[in-house]
Amino acid sequence: MTWDYRCPFARNAHEHLLTAIEAGAPYDVTFVPFSLNQMHLEEGAPPVFDDPTRHRDLLAMLVGIVVRDRRPEQWLAVHRGLFALRHDEGRDLREEPELRSVLESNGVDADSVFGEIASGWPLDTFRKEHDAAEREHAVWGVPTFIVGNQAAFVRIMTRPNGEAATARRTIDRILGLLEEFPELNELKHTSIPN
């Protein structure tokens, strides 16, 4: 499942997924970082991965990659916290002190995370995983669910609000459509109920 912390729909989908996993759902998930900045470049602009002036825009994603790969036992909490930082608290994902606060509140040594970022491997990982998602599954946005060779961009309009049964039912419905009804290419409501 792809993510970018900037997207409110990614936040909704990931909250459903995280809530279900935390309640024991047996999902085997690979979390794939995907840069919306890269997808919205002006024509002729260098890739964000190659432009040091844009790396600040990628900082929260790099933090997420380090925690995902080096501290998996803390990944779910930090992942949720980084989405909350942006969408619940309205704070800036590009500010190191803000990101440090999420790490520290979840028991992660922020200095070690930023040391890993400085080493360069998280940026290389980000680029490789973003490019692979785009190349292998034609991913163009977040959240995209990928099951086998099926991939679908999905907008979930609600949050699970801590309801594990709701979260699991939501994720199971999406997975069911991907696995059992790949003929359905697009379903979009024409209006949003208030």
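The numbers here are math on the coordinates, done by the rules we state, and not lab data. Please read all numbers here as calculations on a predicted model, not as lab measurements. All Cβ positions, even for glycine, are placed from backbone atoms using ideal geometry, and neighbour counts span all protein chains on display.
Miscellaneous remarks
- First in segment 104-116 and within 13 Å of GLU73 (Cα to Cα), second anywhere and not basic (Lys, Arg), Cβ under 7 Å, 6 or more apart: ASN106/GLN74; ASN106/ALA77; ASN106/VAL78; ASN106/GLY81; GLY107/GLN74; VAL108/VAL67; VAL108/GLN74; VAL108/VAL78
- Any hit, segment 145-155, residues being surrounded by 14 or more Cβ atoms within 10 Å (Cβ to Cβ), in a helix (DSSP H, G or I), under 15 Å from the mean Cα position of the chain (by Cα) and among the small types (Gly, Ala, Ser): no
- Of the residues making up segment 1-57, just one is surrounded by 14 or more Cβ atoms within 10 Å (Cβ to Cβ), among the β-branched types (Val, Ile, Thr) and without any contact (Cβ under 8 Å) to a residue 24 or more places away in the chain, namely VAL48.
- The residues listed here are THR158, THR166; of these, the one that is in contact (Cβ under 8 Å) with a residue 60 or more places away in the chain, assigned to a helix (DSSP H, G or I) and not basic (Lys, Arg) is THR166.
- Members of segment 151-174 that are among the polar types (S, T, N, Q) and out of contact with any His (no Cβ under 7 Å at 6 or more places or on another chain): THR158, ASN161, THR166
- Restricted to helices (runs of 4 or more DSSP H) entirely inside segment 1-116, those with at least 2 residues that are in contact with a Lys or Arg (Cβ under 7 Å, 6 or more places away or on another chain) are 8-22, 36-39, 72-87.
- Some residue of segment 135-144 being in a helix (DSSP H, G or I) and hydroxyl-bearing (Ser, Thr, Tyr): no
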